[in-house]
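Structure, as structure tokens:
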Amino acid sequence: MKEERFWILLTKKIFGEASEEELKQLQDYISSNQDFLASHDRLTDFFASNTPKTSSSNKQNQEDHYLNHVNRLKAQVQDFDMVDDEIANDFIHIDTKQTKIARWIKVAFSIAAVSIGAFFLFNTLFSKSELPALAKSKPQNEVIVSKGSKSKIVLPDGTQVWINSGSKLTYDENLNGKYREVMLDGEAYFDVVHNPSRPFIVHTSDIDIHVLGTVFNVKAYSVDETIEATLIQGSIEVINRNQKDAPKLMLKPHEKIIFNKESTVNAKKEVIAGAEIKEIRETSFNVQVVPISKTLADSSIHETSWVYNKILFEEEKVKDIVKKLERWYNVQINLANEDIENIRLSGSFVDETIDEALRDLQLLIPFNYEIKNNIITISKK
């Protein structure tokens, strides 16, 4: 994937082992992506000021440190509906036959996950001036679930979390502060242990979700235009982190909140001291609270069906269905046929391969597709 390639190239540059061609490719990534540029500057500055000249023994220590970190996380993870070694793939799959590539992958993620720690993680995820409380806490665990995989973990307080593909969950390793706080980039289903004296908080890029003991689903991928929180049991309070004066919203069971990340600025004029006119600019966010079915089982509700290894979509746009398929099957899908992007479809997939899923979609709308090296191109028929 492009992001993984970026980290490998950046790591090789830092250790002085990148070829001219690799340096050029890295520069192309930086020039085309502001997030890559910010990460590059932070990481190179960090190593320039904090890291002595790197010897081979230092590199090995970094690799060993990273592997210990992964093993500690793996000990807390319980897989569900996956083969025995699937969890290893959720973190980083190391192919012993490809030691050169594997070494760079390990070192790259060692830098991101261990050497820089909380500072780098939260400055990457948030460009806000005010970071969530979790960023200031003690050593953290980060669980990364790759596309095409899912994982279940049990937090130190007993809370169970199912984590969907392409997601990151970060939490204090002991979860022993005044609040039980986690950070989510992606999608997760929470079954929170009730503890009135220590509320549970899910931080996302734009909203915070406060709970006591509750079952709910949060979909908060950084690349998506919206954030969704679906309440199954209990109650949750949703707070807009970008608008301090926005009212807090309380959800009841079988309700879903849809938060649009794009803000709207409204200008109005106000008369001051009887003569002076001042323009007031107000920022607002589009927030919807919609009901979900009370009669369907969790496995048949499309917001939570993924926990039961199902993909359900109900009147969803093709471009949004494509995002689900990319994460579910770990593929890249290019929609060359723009005519079908906004067509809405309903359906479900359970055990289908990506090829079978695309053939099923062809029964609903006409299109051609080509699969080459894990890249799928959908074009006009």
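The values are calculated or read from the model by the stated rules, or taken from the named source; none is laboratory data. Predicted model only: the values in this text are computed from it and were never measured. So basically every Cβ, Gly included, is an ideal-geometry build from the backbone, and we count neighbours across all protein chains shown. SASA here: full protein model, heavy atoms, side chains in, ligands and nucleic acids out. Shrake-Rupley method; radii C 1.70, N 1.55, O 1.52, S 1.80 Å.
Do you know which residues across segment 207-238 are out of contact with any Asp or Glu (no Cβ under 8 Å at 6 or more places or on another chain), open to solvent by 10 Å² or more (accessible area, probe 1.4 Å) and not aliphatic (A, V, I, L, M)?
208, 213, 224, 226, 233, 234, 235, 237
Quick grid of which residues meet (1) buried (at least 18 other Cβ atoms within 10 Å of the Cβ); (2) closer than 23 Å to residue 186 by Cβ:
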| site | (1), (2) |
| --- | --- |
| 320 | no, yes |
| 327 | yes, yes |
| 330 | no, yes |
| 336 | no, no |
| 345 | no, no |
| 349 | yes, yes |
| 352 | no, yes |
| 355 | no, no |
| 362 | no, no |
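Against the condition within 20 Å of the chain's Cα centre (by Cα) and at pLDDT below 95, how does residue 226 come out, does it pass?
When the stated conditions are applied, residue 226 passes them.
Name the one entry in 381, 294, 310 that is within 21 Å of residue 145 (Cα to Cα) and among the basic types (Lys, Arg).
Of the residues listed, the single one that is within 21 Å of residue 145 (Cα to Cα) and among the basic types (Lys, Arg) is 310.
Looking at segment 326-381 only, could you name the residues that are charged (D, E, K, R), within 28 Å of the chain's Cα centre (by Cα) and at pLDDT below 90?
Within segment 326-381, 338, 351 qualify.
If I ask for residues that are within 28 Å of residue 375 (Cα to Cα) and in contact with a Phe, Trp or Tyr (Cβ under 8 Å, 6 or more places away or on another chain), which ones from segment 164-184 would you list?
Let us first name the residues in segment 164-184 that are within 28 Å of residue 375 (Cα to Cα), namely 164-169, 184.
Answer for segment 164-184, where residues must be within 28 Å of residue 375 (Cα to Cα) and in contact with a Phe, Trp or Tyr (Cβ under 8 Å, 6 or more places away or on another chain): 164, 165, 166, 167.
Among the strands (runs of 3 or more DSSP E) contained in segment 217-257, which hold 1 or more residues that are touching a Pro at 6+ places or on another chain (Cβ under 6 Å) and hydrophobic (A, V, I, L, M, F, W, C)?
Per the criteria, 226-233.
Results for (1) polar (S, T, N, Q); (2) modelled with pLDDT under 75; (3) touching a helix residue (DSSP H, G or I) at 6+ places or on another chain (Cβ under 7 Å); (4) part of a helix (DSSP H, G or I), shown as yes or no for each residue.
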{"position": "3", "(1), (2), (3), (4)": "no, yes, no, yes"}
{"position": "10", "(1), (2), (3), (4)": "no, no, yes, yes"}
{"position": "13", "(1), (2), (3), (4)": "no, no, yes, yes"}
{"position": "24", "(1), (2), (3), (4)": "no, no, no, yes"}
{"position": "28", "(1), (2), (3), (4)": "no, no, no, yes"}
{"position": "36", "(1), (2), (3), (4)": "no, yes, yes, yes"}
{"position": "41", "(1), (2), (3), (4)": "no, yes, no, yes"}
{"position": "45", "(1), (2), (3), (4)": "no, yes, no, yes"}
{"position": "49", "(1), (2), (3), (4)": "yes, yes, no, yes"}
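Quick one: is residue 303 part of a loop (DSSP other than H, G, I, E, B), crowded, with 20+ Cβ neighbours inside 10 Å and either in contact (Cβ under 8 Å) with a residue 12 or more places away in the chain or not aromatic (Phe, Trp, Tyr) (or both)?
Yes, satisfied.
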